Structures are given as C-alpha cells and as structure tokens.
Amino acid sequence: MFGRFKKKSPASAPLHSAEAEPERYSGRPLLIVLENYVLDCIGELGPDKQALARSVVQRVWGGGDDWKATVREQLKLLPSTDEALHGMWSRNQCGKGVILIIRQRTVRSWLQGWTGAEKSG
C-alpha cells in the first residue's frame with residue numbers, strides 16, 4: 001500500500017498499491033490514502049492495511065486510532081462521508097472491479113471537486 005514503508009514485488013502487490021503501479025502514485029501519496037479510505041468505507045480494506053493506513057496517517061497528520069476521522073478533518077470532508085460512500089457502493093455494486101470503480105468514479109470526482117477542475121467525461 002505505502003511503497004516506502006513496505007516493499008513487495010510488483011507481481012505479488014495488490015492492484016491498489018504503489019508497488020503495483022509506481023507511475024500512478026509517484027508524487028501523489030494522497031491518492032493512496034484516498035483509495036484506501038474509500039476501500040475501508042466499503043469494507044474492502046483488510047485489517048493489516050487498516051493498521052498500516054492508521055500508522056501512516058498518524059505519522060503524517062497525527063490523530064488518534066480513528067485514522068479516517070483524521071483524514072476527514074485534514075481534507076475538510078463531512079462526517080457523513082463514510083456512510084455516503086458505503087451507500088453509493090451498495091447501490092452501484094457490480095461484484096468485481098472494486099478498484100476500477102473507485103478509480104473511475106469516486107476518487108476522480110473527489111479530486112476534481114477539491115481542485116475545482118472541470119469534469120472531463
């Protein structure tokens with residue numbers, strides 16, 4: 001998940017990791033945090049990755065055991081963000097392709113909303 005903290009070979013790395021796709025995450029550590037945030041909201045982030053996310057978020061921003069509360073505070077997200085993401089996932093779930101959906105819809109929309117960029121399709 002967080003490349004400089006835990007090394008894996010690219011072949012065995014999960015799809016949503018800096019090890020699997022270094023060019024996607026190069027210079028964008030927040031993207032990894034966001035994707036793992038969304039995965040946790042929809043119940044797709046395992047306990048080992050939750051612990052790692054908590055550790056990284058605490059090192060970067062401080063905060064307590066609820067790493068997602070720290071992310072929400074730092075990024076000015078609403079307290080209802082977790083529930084909204086889970087609800088959106090539940091309504092639109094298509095079985096496989098968790099990472100693809102997160103990348104194409106959720107994270108892109110959030111980043112465009114935060115930067116004020118125009119939606120490009």
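The values are calculated or read from the model by the stated rules, or taken from the named source; none is laboratory data. Since the structure is predicted, the reported quantities are computational estimates derived from the model, not experimental observations. Positions of Cβ are backbone-derived with ideal geometry, glycine not excepted, and every protein chain shown enters the neighbour counts.
Determine whether Thr106 is surrounded by 12 or more Cβ atoms within 10 Å (Cβ to Cβ) and at pLDDT below 80.
yes
Condition check ((1) closer than 25 Å to Gly87 by Cα; (2) under 14 Å from the mean Cα position of the chain (by Cα); (3) modelled with pLDDT of 70 or more) across all residues:
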| position | (1), (2), (3) |
| --- | --- |
| Phe2 | no, yes, no |
| Pro10 | no, no, no |
| Lys49 | yes, yes, yes |
| Gln58 | no, no, yes |
| Gly63 | no, no, yes |
